[in-house]
Amino acid sequence: MTHDLPESVTVLGLGAMGTALAHAFRTAGHPTTVWNRTPGRAEPLVARGAVAADLPGAAVTANRLIVACLLDYDAVRAVLAGQEAALAGRTLVNLTSGSPEQARETAAWAAGLGLDYLDGAIMITPPGIGGPDATLLYSGASDVLARHRPTLAALGEPVDLGPDAGVAGLYDTALLGLMWSALSGWLHGAALVGADGVRAEEFTAVATRWLSGAVAGFIGRYAPQLDARTYPGDDASLNVHLAAMDHLLHASEARGVDTALPELLAAQVRRAVTDGHGGDSYARLIEVIAK
Ligand SMILES: NC(=O)c1ccc[n+]([C@@H]2O[C@H](COP(=O)([O-])OP(=O)(O)OC[C@H]3O[C@@H](n4cnc5c(N)ncnc54)[C@H](OP(=O)(O)O)[C@@H]3O)[C@@H](O)[C@H]2O)c1
C-alpha cells in the first residue's frame, strides 16, 4: 500500500493571514516555501522547516501550487509582474480579499498565461485557520480544487462554489454583510439589556442559542419562499413584526440606546406593509431590498 507524500506549496505573503496559512501547511506536513515583501517575517516558519525565498521568482518556481494571501489584488499583480513565463503550467490559489470583478479579471489574466487559477475567500480570522470552524470558499477552474483538495483542506473545510471565479468573492461580501448585521443586532441587544444591568455574557448565552437554533431555522424556512417569490405569512406576519419592532424602538428610546438600527428595520417592514403585504412573512422584504 502506497501513501502520497504531502504536496509542496508556496505561500506568497506573510501578513497575519499568510503566516497562519503557512503554519497550517507545515502542521499538516506540506513542504512549504514562503516569500514576503518585508524580510524577517519568515523566521518562525523557517524554524518549523519552511524555506524562505528571497525573491518572488524563486518562490514561484519552487512549487507547482502557489497560494497568495496579500493585502489586495493590486499587490498580487505587482508581486507576480515579470513572472508570467514562470507561471505557465502552475496553479495559483488566490486567497486575497477582493471584489468579484477583480477575481474575474485575474482569472482572465491567468488563463492568458496558461496558469490554472482558483479564487478563494477565507471565512475565519488567522487564529482559526486549520481549526474546526474554518471555512474557505473557492470558485474558478473546476479541476483545481479537486486536484488540491487534500492540501487546501489543511487550512479549513473547502467549499466548492463552481467555475465562475467571481462567486467566492461575491459570497464573501454577502456573508460579511450577514455577519455585520448579526453583530450589530447582538450589540444593540447587549446595550438594551445592559441598560437594565444585565451582563453581556448572561445575555449572550441566551442570544447564541436563539441565533443558532430558532433564527437559523427561520432562514432555512424562508429560503424556498425567496426562490419561489411567494411569502405566505403563516408563521408570523409583517404586521406582527412591525408591532414588535415598535416595542424595540420604545425600549431603546426609554434607555437612551441608539435607535438607528431598529428604525432602519422598521422602515423596511413599513414599506412592505404600506404596499399591502402586511399578511406576508418576513421573507417578503427581499422585494424591498433587492428592488
Ligand atoms: N486577517 C483576517 O482576519 C482576514 C480574514 C479573511 C481574509 N483576509 C484577507 O487576507 C489578506 C491578507 O490579510 P492580513 O490580515 O494577512 O493582512 P496584513 O497582516 O496587513 O498583511 C498584508 C500582507 O500583504 C503584503 N503586502 C501589502 N502590500 C504589498 C505589496 N504592494 N507588495 C507585496 N506585498 C504586499 C504585506 O507585506 P509586508 O509584510 O511587506 O507589509 C503582508 O504580507 C487580505 O486580503 C485580507 O482581506 C484576512
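The values are calculated or read from the model by the stated rules, or taken from the named source; none is laboratory data. Everything numeric here is computed off the predicted structure, so don't read it as measured data. We place every Cβ from the backbone using ideal geometry, glycine too, and count neighbours over all the protein chains shown. Heads up: the accessible areas ignore ligands, DNA and RNA and are worked out on the full protein's heavy atoms, side chains in. Shrake-Rupley method; radii C 1.70, N 1.55, O 1.52, S 1.80 Å.
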Q | Residues of the range 37-49 classified as in contact with a helix residue (DSSP H, G or I) (Cβ under 7 Å, 6 or more places away or on another chain) and either buried (at least 22 other Cβ atoms within 10 Å of the Cβ) or in a helix (DSSP H, G or I) (or both), total | A | 1
(Q) Given the criterion surrounded by 22 or more Cβ atoms within 10 Å (Cβ to Cβ) and on the phi > 0 side of the Ramachandran plot, identify the matching residue among GLY140, GLY130. (A) GLY140
Q: Taking PRO39 as the residue in question, decide whether it is free of Cβ contacts under 8 Å to residues at least 40 places away in the same chain, of a type outside the set (D, E, K, R) and either more than 26 Å from ALA88 (Cα to Cα) or out of contact with any Gly (no Cβ under 9 Å at 6 or more places or on another chain) (or both).
A: yes
Q. Quick check, is ARG147 in the same structural domain as LEU21 (by TED's automatic domain parsing) and either modelled with pLDDT of 95 or more or assigned to a helix (DSSP H, G or I) (or both)?
A. yes
Q. So which residues in the range 90-103 are within 10 Å of the ligand (Cβ to nearest atom) and in a loop (DSSP other than H, G, I, E, B), if there are any at all?
A. LEU95, THR96, SER97, GLY98
Q. Does the range 64-82 include one or more residues that are of a type in the set (Asp, Glu), over 18 Å from THR19 (Cβ atoms) and modelled with pLDDT of 95 or more?
A. yes
**Q.** Criterion: within 14 Å of the ligand (Cβ to nearest atom), closer than 19 Å to ASP74 by Cα and in the same structural domain as LEU65 (by TED's automatic domain parsing) - qualifying residue of ASP119, ASP133
**A.** ASP119
Q) Looking at THR61, is it away from the ligand (no atom under 11 Å from the Cβ), in a strand (DSSP E or B), in the same structural domain as ILE129 (by TED's automatic domain parsing) and surrounded by 15 or more Cβ atoms within 10 Å (Cβ to Cβ)? A) no
Q) Which members of the range 163-199 meet the condition of being assigned to a helix (DSSP H, G or I), buried (at least 16 other Cβ atoms within 10 Å of the Cβ) and within 18 Å of the chain's Cα centre (by Cα)? A) GLY166, VAL167, ALA168, GLY169, LEU170, TYR171, ASP172
Q) For the range 69-89, which residues satisfy the criterion of being outside any helix (DSSP H, G or I), touching a helix residue (DSSP H, G or I) at 6+ places or on another chain (Cβ under 7 Å) and under 23 Å from ARG147 (Cα atoms)? A) CYS69, ALA88
Q) Could you list, in sequence order, the residues of the range 244-291 that are among the small types (Gly, Ala, Ser), in a helix (DSSP H, G or I) and open to solvent by less than 50 Å² (accessible area, probe 1.4 Å)? A) ALA251, SER252, ALA266, ALA267, ALA272, ALA283
Q) For residues in the range 9-23 being part of a helix (DSSP H, G or I) and open to solvent by 10 Å² or more (accessible area, probe 1.4 Å), which is farthest from the ligand (Cβ to nearest atom)? A) HIS23
Q: Pick out the one residue from PRO56, PRO31 that is under 20 Å from THR91 (Cβ atoms), near the ligand (Cβ under 10 Å from one of its atoms) and open to solvent by 20 Å² or more (accessible area, probe 1.4 Å).
A: PRO56
Q: Report whether or not ALA108 is surrounded by fewer than 21 Cβ atoms within 10 Å (Cβ to Cβ) and either away from the ligand (no atom under 13 Å from the Cβ) or closer than 15 Å to VAL34 by Cα (or both).
A: yes
